Structures are given as structure tokens and as C-alpha cells.
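A.B. asks: Below is one structure. I have some questions about it.
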Amino acid sequence: MTNIRVRSQESGVRRDELIRCEGVWKIYNEGRPHEVQALADVSLEIKKGSFTILNGPSGSGKTTLLALLGTMDRPSRGGIFMKGKDITGFSDTALSTLRRDSIGFVFQNFNLIPRLSAWENVSTPLIPAGVSEKGRRDRAMVLLEKLGLADRASHAPEELSGGEQQRVAIARALINNPEIIILDEPTSNIDAEATDILIDILKNLKSDSKTLLVSTHDQVLRPHADTVFELKRGRLAGITHD
Amino acid sequence: MKHLNILYAAAGNVVRHKLRSVVVILCLVAVLFPFLSAIAILEGVKTQSRISVSEGADIYVTMDMFGRNGVIPIEMAEVMKQIPGVTKAVPRAIGRIYIGGKLAVLLGITDDEKPSSLNFINGSLPKAGEIVIGRGLAEHLNLEVGEELNIGTRVVAFIENEPYIIKKMYHVSGIFDAQSGIWASNLVLMSIDDAVSVFEMEDFATDIGLYVRPGYEAAVSKGLQKMNPFFRIQTKGLVRTYIERGFNMKGGIFAALYVLAFALTIPAILVTSGFGLSGRRKEIGILKATGWQTHEVLEMVFFENIMLALISAPSALVLSFVWIKLFNAPFIAPLFIPGAGSIPPFPVPSRFMPLPFVFSFFFALLLTMTGSIYSTWRAAIVSPAEAMK
Ligand SMILES: Nc1ncnc2c1ncn2[C@@H]1O[C@H](COP(=O)(O)OP(=O)(O)OP(=O)(O)O)[C@@H](O)[C@H]1O
Ligand SMILES: [Mg+2]
């Protein structure tokens with residue numbers, strides 16, 4: 001029911017619609033033992049330049065939904081639309097291109113490449129783009145400096161704190177200057193001080209008119225968000241607009 | 001630039017995944033080393049025998065003896081010299097004898113037959129009553145130049161149950177040196193007259209070698225046949241064909257064994273390149289998640305494999321070179337040279353050629369590609385979320 005309301009409310013403002021999903025299901029191990037229904041009939045819309053929060057308890061399907069919206073995984077059923085185009089039928093190549101050009105993803109566990117320095121991790125997306133080593137380092141340094149990590153640029157992930165690793169992951173997500181930035185539970189692995197830094201970063205990104213999509217199970221980021229989607233056991237349970 | 005970037009990234013990966021790289025390289029070297037060594041030794045032996053064939057006479061003549069090679073009167077040499085095209089006719093006496101319990105080849109030659117392979121002698125060529133012996137034999141008998149050797153030929157009688165053997169003392173005038181090759185290792189060289197008397201052939205030789213002017217081989221053969229239909233004629237071309245055929249057969253057997261070993265190694269390589277695969281899979285997922293294309297990931301892994309092959313093939317070559325040239329091919333030589341013990345007493349002939357090396361590189365590449373490309377592709381085409389799990 002709520003889904004229908006969302007769509008009917010905003011069907012007239014398609015121009016600022018960036019991501020939309022319709023009746024999306026995700027079932028892990030479908031048809032096999034240990035089948036898990038992680039998402040059930042989720043429909044929502046994310047506007048260009050908005051700061052959207054996905055809230056829900058552990059296991060409610062936040063990571064799963066972010067992965068679908070961020071083209072990291074394909075839904076079992078339903079449609080996902082980027083700027084009106086259904087991407088569920090996209091080829092592997094087209095999805096890679098979409099990820100490269102438009103999406104920056106910061107994973108819950110950061111997923112940095114071990115034994116690769118911070119700046120190298122940040123600049124891996126530029127390797128196939130043909131950017132020279134110097135160019136890559138320069139661009140990575142600009143971001144690391146902005147995120148207060150310039151002095152950690154040559155450290156490998158193993159030598160960095162959780163908060164620092166997170167900022168390296170954020171820098172990597174930003175290196176291709178994508179319009180959508182997705183962060184999966186960015187507040188869960190860091191302390192209060194690092195959280196303050198994170199909030200500053202998110203505010204800056206928002207003022208750069210990036211579209212932010214963030215999952216969380218606490219309330220710290222709530223005051224800064226435009227829209228909050230509540231997830232419960234794989235279903236959309238509520239929407240709050242500011 | 002893009003491909004160069006990916007190449008550098010691949011190099012970085014080879015270094016970053018040190019353990020995996022080292023294990024794969026060791027495996028590849030273990031496969032390539034015996035291959036390169038065997039080819040080098042086979043080529044070396046082949047070359048040496050080719051040289052000795054080309055140095056020998058152009059035509060060898062023996063007498064037919066009920067279908068076998070029989071002895072030929074030495075005086076025939078003088079007659080054969082008259083055939084147009086023949087430049088030299090040299091009788092040889094060749095046979096096997098036991099010296100100190102070791103089988104040796106005894107060769108008697110005339111003064112005017114001195115092929116260049118006989119240049120590698122410490123000492124001088126044998127005159128009457130003198131011999132030049134091979135290194136293997138010299139080591140076995142603990143003999144040096146200037147010493148004497150008793151050569152017994154046969155038992156002529158038993159006196160009080162003790163065999164009475166005809167023996168003759170020979171003066172060692174020279175020893176073949178290290179460069180003289182495997183054929184000279186257990187050779188005893190003496191003058192034809194001495195050899196004839198050892199073999200008790202009186203006025204006969206084992207064969208007569210004819211040196212002919214280029215292009216006269218066929219005509220001389222015909223002339224010989226006309227002179228005496230009982231002559232058995234072997235031309236150099238024929239000998240060469242026999243030798244090549246022998247080597248090709250040996251090479252073929254080796255190739256078959258190698259293919260078998262190769263087939264057995266593939267699973268090992270598969271396992272080792274799959275070594276650290278879960279970490280690998282995750283990294284591939286991360287690259288895909290940050291916008292790499294599947295073909296770019298594959299290109300990187302391809303470059304990695306090229307680098308591993310580029311390290312492995314020369315390493316195997318160097319190892320094989322050191323093993324053969326410096327250590328004289330222990331344990332490998334006996335597989336290809338009959339009579340060579342696990343530590344060969346003569347310098348093992350070898351010849352390193354570019355083609356087997358190039359081959360070994362592609363071998364290595366093929367192996368690593370087989371081991372990695374499918375798993376890489378699988379990790380790259382699934383969704384990044386799945387690969388990163
Ligand atoms: N790859 C997978 N295979 C099988 N089941 C999975 C897989 N990934 C997630 N699940 C299941 O799907 C459900 C939703 O998981 P998800 O990770 O999306 O939750 P979450 O809201 O992100 O939780 P958390 O706050 O703990 O991160 C859970 O029950 C989880 O066990
Ligand atoms: Mg999660």
C-alpha cells in the first residue's frame with residue numbers, strides 16, 4: 001500500500017527521479033535448502049541530490065537492498081530503474097560502465113584491497129580508465145587530503161584504523177566523481193569522533209549536490225536526511241520525508 | 001596507456017601475492033626443467049654424432065659374409081684408390097674388447113686418417129706399440145700418459161686350470177681430453193697394424209673408408225659394385241639417416257613420456273594457481289564493484305600469467321644450463337645416454353637452442369592460463385556482491 005502511495009505522490013516529478021525500484025524481491029538460494037527471503041516486494045524512489053536513509057534492524061535487508069540499488073547484485077524479481085531505464089536487463093558490460101561512471105559504493109566492511117597502499121586503493125578504479133600513475137596519485141591525494149588522510153596515503157589498510165579505512169573507502173567511491181554515493185552502515189564500525197568527521201563529509205557531499213543513500217540502524221544521521229525508509233524483515237515498513 | 005596501466009597492476013599483483021607467485025613459479029620450473037634439459041642433451045648428442053659422421057669417410061666398404069659384414073683384405077684399399085673420384089682409401093680395424101672388466105671399443109687407424117675429433121688428445125697419436133685411451137677408461141684403470149697397459153685378447157689354452165691369455169703391453173701415448181665427447185670415453189686407439197694383430201685378422205681390416213670428391217658418391221658406389229659384387233657399401237647419407245631415425249625415435253618416446261607427465265602436472269598447477277583463490281575472488285569482486293570491466297580483469301590476469309611464465313621459463317633454462325654444463329647433468333644424462341651412470345664420467349653433450357626455450361615459455365603460459373582463466377572469468381561475471389562474499 002505504502003509503495004503505491006510513494007509512486008502516486010511523485011509520479012509527476014519524474015525529472016528529478018534518479019533511482020526507482022518496483023516490486024523488488026531478493027531470495028537467496030532460491031529453490032534450494034537454506035532459502036532466504038531477504039527482500040519482499042520493495043518499491044521506492046530516490047531523488048537526485050537527496051540524502052536518503054535506509055533504516056532497519058540487523059538482518060532486515062538493508063545491505064541487500066543497497067546492493068541491488070547500487071548494481072552490485074541483481075534482484076530475483078522486480079524492476080530497478082536508473083533515470084527511467086530498467087537496468088535489470090543490462091549486460092555485465094553495461095552494468096560495469098554504469099558503476100564506473102555513476103556509482104560510488106562504500107561497503108559495510110570497506111572491502112579495501114590488502115597490502116595495497118591507501119592511495120593505490122583509492123585510485124584502482126582509474127587503472128582501466130588509462131590515467132597515468134602520476135595522474136592517479138595526484139587525484140587520490142586531493143581526495144585523501146580533503147578527508148584528512150594525506151599523511152596516511154602510503155599506508156596499507158592493515159595499518160589503518162577503522163575510521164581511516166572507511167575514509168579510504170569513501171575516497172575510492174568518490175574518485176570517478178559519481179553522482180550517486182552509497183554507504184552501507186557507515187556509523188557502525190567507528191567511534192563518536194570519527195562519526196563527526198563522517199557527518200561533515202556527508203554534508204559536504206550533499207552540498208556538492210551528490211545523491212546520498214545511506215543505511216543505518218541508529219539515529220545519528222537522521223537529522224541530516226531528506227527521506228528515511230524503514231525496512232522490517234525485508235519489507236518497506238514506512239517512509240518519512242522532511 | 002590503459003593496457004600499460006593494467007600491465008603494471010598485474011606486475012604489482014605478482015609481487016603482492018608473493019607466496020602464490022613463488023609456488024606457481026616453482027611448479028612451472030619443476031615441469032620445464034626436465035623438458036629443457038632433455039631437449040638440450042638430445043640435441044647435444046645428435047650434434048656430436050652428426051659431427052662424427054661428417055668427419056668420417058664418405059663410403060664404408062665391407063665384404064659380404066653370408067649376409068653379414070665380413071672382413072675385407074687391406075690390400076683392397078690400394079685398388080679402390082684407383083677408382084675415379086676417390087681421394088683416400090683407409091682401412092680400419094674396429095672391435096670390442098674387455099679391458100679391466102670394462103667393455104671398450106678398439107679402433108685401429110692408419111696414419112693418414114686423422115679426423116679432427118682426434119685433436120683432443122693429451123699426448124700424441126699412437127705409433128706402433130702405442131695406444132691413446134678415452135677418459136672414462138683412463139679413470140677406470142687409473143692410467144696416465146707414459147704408463148703401460150696390458151691388453152689381453154683371448155684365452156689360448158688352460159694350463160693347470162688357469163687360463164693362458166695372450167697379452168701384449170702397450171705404451172699409453174695419449175688420453176682423450178674432456179672435449180673429445182662421449183664417443184671417445186671408452187675408446188682405445190692404436191695403429192691399424194697393432195689392431196689387426198690384436199684381432200688376429202692378419203691381412204684383413206674390418207672395413208675400408210673411402211673419401212671421395214663431392215658429387216662422386218654415386219659413381220664410386222657403382223664402380224665398387226662393378227669391381228666386386230660381394231662388396232657391401234654404406235654411404236654417409238645412409239648412416240646419417242639411421243642416426244637421425246634413431247634419435248627421432250628416442251625423441252618420440254621422450255615426448256610421449258613427457259606428455260604423460262605434463263598431463264599429470266595440470267591438476268597440480270590447477271591446484272596451485274587456485275591457491276589463495278578465495279582472496280583472489282574477493283579482489284576481483286572489488287574491482288568489478290569499482291567499475292572494472294570483465295575483460296579488463298581477464299587482461300590483468302593474462303598479464304600476470306605472462307609474467308609468471310616469463311620468470312619461470314628463463315629460471316628453468318638457467319637451472320638446466322647450470323645442471324648440465326656445471327654439474328654435468330647428474331641423474332638426467334643416464335635417461336638419454338645409455339652407459340652414462342647417474343654421475344656421467346664424460347662431459348655430457350648438450351646444446352641449448354632458442355626454439356625449445358620459446359616453447360617452454362608458451363608451455364608455462366598455457367599451464368597458468370588453464371589454471372586461472374576460467375576461475376577468474378567465473379569470479380568476474382557473477383555479481384560483485386556475490387564475488388566479494
Ligand atoms: N549471500 C547471502 N546468502 C544467503 N543469505 C543471505 C545472503 N546475504 C544476506 N542474507 C540474508 O538476508 C537477510 C538480509 O541480510 P542483509 O545483510 O541485507 O541485512 P542487513 O539489514 O544489512 O543486516 P545488518 O544490519 O546485520 O548488516 C539476512 O537474513 C541474511 O542472513
Ligand atoms: Mg548490512
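A.B. asks: I'd like the full set of residues that are open to solvent by less than 30 Å² (accessible area, probe 1.4 Å) and within 16 Å of ligand 1 (Cβ to nearest atom), limited to region A:78-93. First the steps, then the outcome.
C.D. replies: Here is the first cut: in region A:78-93, the residues open to solvent by less than 30 Å² (accessible area, probe 1.4 Å) are A:79-80, A:82, A:87.
Scanning region A:78-93 gives a single hit, A:ILE80.
A.B. asks: Test A:SER215 against the criterion of being surrounded by 13 or more Cβ atoms within 10 Å (Cβ to Cβ), of a type outside the set (A, V, I, L, M) and not in a helix (DSSP H, G or I), and give yes or no. Break it down into steps so the answer makes sense when it comes.
C.D. replies: Details: surrounded by 13 or more Cβ atoms within 10 Å (Cβ to Cβ): yes; of a type outside the set (A, V, I, L, M): yes; not in a helix (DSSP H, G or I): yes.
Here the answer is yes, as A:SER215 does meet what is asked.
A.B. asks: In region A:69-89, is there at least one residue being in contact with a Cys (Cβ under 7 Å, 6 or more places away or on another chain), within 12 Å of another protein chain (Cβ to nearest Cβ) and touching a residue at least 40 places away in the same chain (Cβ under 8 Å)?
C.D. replies: yes
A.B. asks: Then there is this: Return the residue satisfying two criteria in turn: it lies in region B:1-32 and is more than 12 Å from chain A (Cβ to nearest Cβ) and open to solvent by 50 Å² or more (accessible area, probe 1.4 Å), and of such residues it is farthest from B:ASN305 (Cα to Cα).
C.D. replies: B:ALA30
A.B. asks: If you don't mind, there's one more thing I want to ask. Identify, please: which residue in region A:44-77 is more than 13 Å from ligand 1 (Cβ to nearest atom) and surrounded by fewer than 18 Cβ atoms within 10 Å (Cβ to Cβ) and is, among those, farthest from A:LEU18 (Cα to Cα)?
C.D. replies: By that ranking, first place goes to A:ARG77.
A.B. asks: If you go through region B:373-386 one residue at a time, do you hit one that is away from every other protein chain (no Cβ under 14 Å), touching a Gly at 6+ places or on another chain (Cβ under 8 Å) and touching a residue at least 40 places away in the same chain (Cβ under 8 Å)?
C.D. replies: yes
A.B. asks: Looking at region B:356-389, which of its residues are aliphatic (A, V, I, L, M) and either open to solvent by less than 10 Å² (accessible area, probe 1.4 Å) or modelled with pLDDT under 90 (or both)?
C.D. replies: In the first step, residues of region B:356-389 are kept if they are aliphatic (A, V, I, L, M); the result is B:358, B:364-367, B:369, B:373, B:379-382, B:385, B:387-388.
Listed by number, the residues that qualify are B:ALA364, B:LEU366, B:LEU367, B:MET369, B:ILE373, B:ALA379, B:ALA380, B:ALA387.
A.B. asks: When only residues in region A:182-209 that are away from chain B (no Cβ under 13 Å), not in a helix (DSSP H, G or I) and not small (Gly, Ala, Ser) count, which is nearest to ligand 2 (Cβ to nearest atom)?
C.D. replies: Of region A:182-209, the ones away from chain B (no Cβ under 13 Å) are A:183, A:185-209.
Pick out the ones that are also not in a helix (DSSP H, G or I) and you get A:183, A:185-191, A:208-209.
Next cut, not small (Gly, Ala, Ser) only: A:183, A:185-187, A:189-191, A:208.
Working: A:LEU183: 11, A:GLU185: 6, A:PRO186: 11, A:THR187: 12, A:ASN189: 11, A:ILE190: 15, A:ASP191: 19, A:ASP208: 26 Å.
It comes out as A:GLU185.
A.B. asks: So A:GLY84 ticks every box in (1) within 16 Å of ligand 2 (Cβ to nearest atom); (2) at pLDDT below 95; (3) closer than 23 Å to A:LEU236 by Cα but one. Which box is left unticked?
C.D. replies: The number of the failed condition is (1).
A.B. asks: Among the residues of region B:287-301, is any open to solvent by less than 20 Å² (accessible area, probe 1.4 Å), under 43 Å from the mean Cα position of the chain (by Cα) and within 14 Å of chain A (Cβ to nearest Cβ)?
C.D. replies: Yes - at least one qualifying residue is present in region B:287-301.
A.B. asks: Could you list all residues from region A:103-133 that are in a helix (DSSP H, G or I), open to solvent by 10 Å² or more (accessible area, probe 1.4 Å) and either in contact with a Cys (Cβ under 8 Å, 6 or more places away or on another chain) or more than 9 Å from chain B (Cβ to nearest Cβ) (or both)?
C.D. replies: Within region A:103-133, just A:TRP119 meets the criteria.
A.B. asks: Among the candidates B:ALA309, B:ALA268, B:ALA261, B:ALA256, which residue alone is of a type in the set (A, V, I, L, M), within 30 Å of B:MET369 (Cα to Cα) and modelled with pLDDT of 90 or more? Break it down stepwise before answering.
C.D. replies: Working: B:ALA268 fails: modelled with pLDDT of 90 or more; B:ALA261 fails: modelled with pLDDT of 90 or more; B:ALA256 fails: modelled with pLDDT of 90 or more.
Unique residue meeting the criteria: B:ALA309.
A.B. asks: In region B:1-54, which residues are within 30 Å of B:LYS236 (Cβ to Cβ) and hydrophobic (A, V, I, L, M, F, W, C)? Spell out the reasoning first.
C.D. replies: Step one: of region B:1-54, the residues within 30 Å of B:LYS236 (Cβ to Cβ) are B:38-54.
Within region B:1-54, B:ALA38, B:ILE39, B:ALA40, B:ILE41, B:LEU42, B:VAL45, B:ILE51, B:VAL53 meet the criteria.
A.B. asks: Also, I was wondering about something else. Can you go through A:ALA156, A:ALA169 and tell me which one is within 16 Å of ligand 2 (Cβ to nearest atom), closer than 18 Å to B:LYS282 by Cα and touching a residue at least 12 places away in the same chain (Cβ under 8 Å)? So that I can check it myself, show each step before the final result.
C.D. replies: On the way: A:ALA156 fails: within 16 Å of ligand 2 (Cβ to nearest atom).
None of the other options fit; the residue is A:ALA169.
A.B. asks: Would you please name the residue that is farthest from ligand 2 (Cβ to nearest atom), looking only at residues in region A:36-58 that are under 15 Å from the mean Cα position of the chain (by Cα) and under 18 Å from A:THR216 (Cβ atoms)?
C.D. replies: Going through region A:36-58, the residues under 15 Å from the mean Cα position of the chain (by Cα) turn out to be A:45-55.
Still in the list and also under 18 Å from A:THR216 (Cβ atoms): A:46, A:50-55.
Numbers: A:ILE46: 18, A:SER50: 21, A:PHE51: 19, A:THR52: 16, A:ILE53: 14, A:LEU54: 10, A:ASN55: 12 Å.
Filtering region A:36-58 for residues that are under 15 Å from the mean Cα position of the chain (by Cα) and under 18 Å from A:THR216 (Cβ atoms), the one farthest from ligand 2 (Cβ to nearest atom) comes out as A:SER50.
A.B. asks: Out of region B:173-187, which residues are touching a Pro at 6+ places or on another chain (Cβ under 9 Å) and either free of Cβ contacts under 8 Å to residues at least 60 places away in the same chain or outside any loop (DSSP other than H, G, I, E, B) (or both)?
C.D. replies: Residues satisfying the conditions are B:SER173, B:GLY174, B:ALA178, B:GLN179, B:SER180, B:ILE182.
A.B. asks: Could you look through region B:195-238, keep only residues that are in a helix (DSSP H, G or I) and closer than 27 Å to B:TYR98 by Cβ, and pick out the one that is most open to solvent (accessible area, probe 1.4 Å)? Before you say what the answer is, go through the steps one by one.
C.D. replies: Pass one, region B:195-238, residues in a helix (DSSP H, G or I): B:195-199, B:217-227, B:236-238.
Okay, now just the ones that are also closer than 27 Å to B:TYR98 by Cβ, so B:195-199.
Numbers: B:ALA195: 0, B:VAL196: 8, B:SER197: 66, B:VAL198: 14, B:PHE199: 50 Å².
Within region B:195-238, the match that is most open to solvent (accessible area, probe 1.4 Å) is B:SER197.
A.B. asks: If a residue must be touching a Leu at 6+ places or on another chain (Cβ under 8 Å) and free of Cβ contacts under 8 Å to residues at least 40 places away in the same chain, how many such residues does region B:51-103 contain?
C.D. replies: Count: 1.
A.B. asks: So A:SER96 ticks every box in (1) within 30 Å of A:TRP25 (Cα to Cα); (2) open to solvent by 10 Å² or more (accessible area, probe 1.4 Å); (3) facing chain B (nearest Cβ under 9 Å); (4) free of Cβ contacts under 8 Å to residues at least 60 places away in the same chain but one. Which box is left unticked?
C.D. replies: All conditions are met except number (2).
A.B. asks: Within region A:178-196, count every residue that is in contact with a Lys or Arg (Cβ under 9 Å, 6 or more places away or on another chain) and either open to solvent by 60 Å² or more (accessible area, probe 1.4 Å) or not aliphatic (A, V, I, L, M) (or both).
C.D. replies: Taking region A:178-196 as the starting set, the residues that turn out to be in contact with a Lys or Arg (Cβ under 9 Å, 6 or more places away or on another chain) are A:178-181, A:184-185, A:194.
Narrowing the set further to residues that are either open to solvent by 60 Å² or more (accessible area, probe 1.4 Å) or not aliphatic (A, V, I, L, M) (or both) leaves A:178-179, A:184-185.
Qualifying residue count for the region: 4.
A.B. asks: Show the residue pairs that are 6+ apart or on different chains and have beta-carbon atoms under 6 Å apart, the first residue being within region A:26-42 and of a type in the set (Gly, Ala, Ser), the second being within 11 Å of ligand 1 (Cβ to nearest atom).
C.D. replies: Filtered contacts from region A:26-42: A:ALA38/A:LYS26; A:ALA38/A:TYR28; A:ALA38/A:GLY61; A:ALA38/A:THR64; A:ALA38/A:GLY234; A:ALA40/A:GLY234.
A.B. asks: If you don't mind, there's one more thing I want to ask. For region A:222-242, give me each residue that is buried (at least 19 other Cβ atoms within 10 Å of the Cβ) and assigned to a strand (DSSP E or B).
C.D. replies: If the condition is that a residue be buried (at least 19 other Cβ atoms within 10 Å of the Cβ) and assigned to a strand (DSSP E or B), then A:THR227, A:VAL228, A:PHE229, A:LEU231, A:LEU236 are the ones that fit.
A.B. asks: Anything in region A:210-231 that is modelled with pLDDT of 95 or more and either within 14 Å of chain B (Cβ to nearest Cβ) or within 13 Å of ligand 1 (Cβ to nearest atom) (or both)? List them, or say none.
C.D. replies: A:VAL214, A:SER215, A:PHE229, A:GLU230, A:LEU231, listed by residue number.
A.B. asks: Going by the structure shown, is B:GLY339 open to solvent by less than 40 Å² (accessible area, probe 1.4 Å) and either out of contact with any helix residue (DSSP H, G or I) (no Cβ under 7 Å at 6 or more places or on another chain) or at pLDDT below 90 (or both)?
C.D. replies: Numbers: open to solvent by less than 40 Å² (accessible area, probe 1.4 Å): no; either out of contact with any helix residue (DSSP H, G or I) (no Cβ under 7 Å at 6 or more places or on another chain) or at pLDDT below 90 (or both): yes.
In short, no.
The values are calculated or read from the model by the stated rules, or taken from the named source; none is laboratory data. All values reported here derive from a predicted model rather than from experimental measurement. Neighbour counts are summed over all protein chains in view; Cβ atoms, including those assigned to glycine, are modelled from backbone coordinates with ideal geometry. Just so you know, the surface numbers come from the protein's heavy atoms only, side chains and all, with ligands and any DNA or RNA stripped out. Shrake-Rupley method; radii C 1.70, N 1.55, O 1.52, S 1.80 Å.
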